[in-house]
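Scroll down for the structure; my scribbles are underneath it.
The values are calculated or read from the model by the stated rules, or taken from the named source; none is laboratory data. These numbers come from a predicted model, not from an experiment. Cβ atoms come from the backbone with ideal geometry, glycine included; neighbour counts cover every protein chain shown.
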Ligand SMILES: Nc1ncnc2c1ncn2[C@@H]1O[C@H](COP(=O)(O)OP(=O)(O)OP(=O)(O)O)[C@@H](O)[C@H]1O
Ligand SMILES: [Mg+2]
């Protein structure tokens, strides 16, 4: 029997101030599957992710959730300024009834796994660099042991080296824990590196303009294969509207 999906958008429609963003949006994400959602700026990617995560109620349609626990990584780290690094990472764990010492151990283990150092554990967000806050952001999401992870352009503000590191970390965590992923990104190379499948949201009617499965598994694709796939899709008309002159130049 086929497993039920982790997440299903069923004929979802949404509008802001009377302006329709999308109608009849359908997308299913399998358990353990990583889907990257691409689309031009303003096409509604963030709105879709927020609808999926239950942050925004859609005007029409339904979202079916076949997962138990979600975590969301926003583009802005959103750490609580009055809490230390490890307390921020452990924040979501209190609701799960874990004891204080266990929460701290989990937070410290995750902090180290994303490349933060022991000397940083008691620092407050204002004392951390942007990159360190971004690492903490990812650690905090993984701390709750989600089976569905939503990420909205999580690495776009980080430099290339750290971005690669966090992508690799995400791939490894998804593989070892088997969670599903919905990743919103502008970066086709990131999508090709991290995802099993790519969905492209059309800027015109808010439907999926293309859905493409990627060969091989995330983490097992060579740099050359990733580069060649990005090159090939960059010439594909379906992906055309993603690449305005400015984005192509990046
Ligand atoms: N709370 C809101 N109230 C009114 N309009 C909104 C609201 N949130 C988003 N919009 C509008 O909906 C459209 C889609 O926004 P959304 O943030 O989902 O796009 P996006 O695809 O994530 O864009 P980007 O790639 O720039 O992040 C935009 O035109 C935006 O101005
Ligand atoms: Mg957005």
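Structure above, values below:
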quantity	calculated
Test: residue in the range 187-208 that is part of a helix (DSSP H, G or I), in the same structural domain as residue 242 (by TED's automatic domain parsing) and within 29 Å of residue 97 (Cα to Cα)	no
Filter result (in contact with a helix residue (DSSP H, G or I) (Cβ under 7 Å, 6 or more places away or on another chain) and part of a strand (DSSP E or B)) within the range 166-186	181, 182, 183, 184
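Condition check ((1) within 9 Å of ligand 1 (Cβ to nearest atom); (2) modelled with pLDDT of 95 or more; (3) outside the structural domain of residue 191 (by TED's automatic domain parsing); (4) closer than 30 Å to residue 175 by Cβ) across all residues:
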residue	(1), (2), (3), (4)
21	yes, no, no, no
25	no, no, no, yes
34	no, yes, no, yes
42	yes, no, no, no
51	no, yes, no, yes
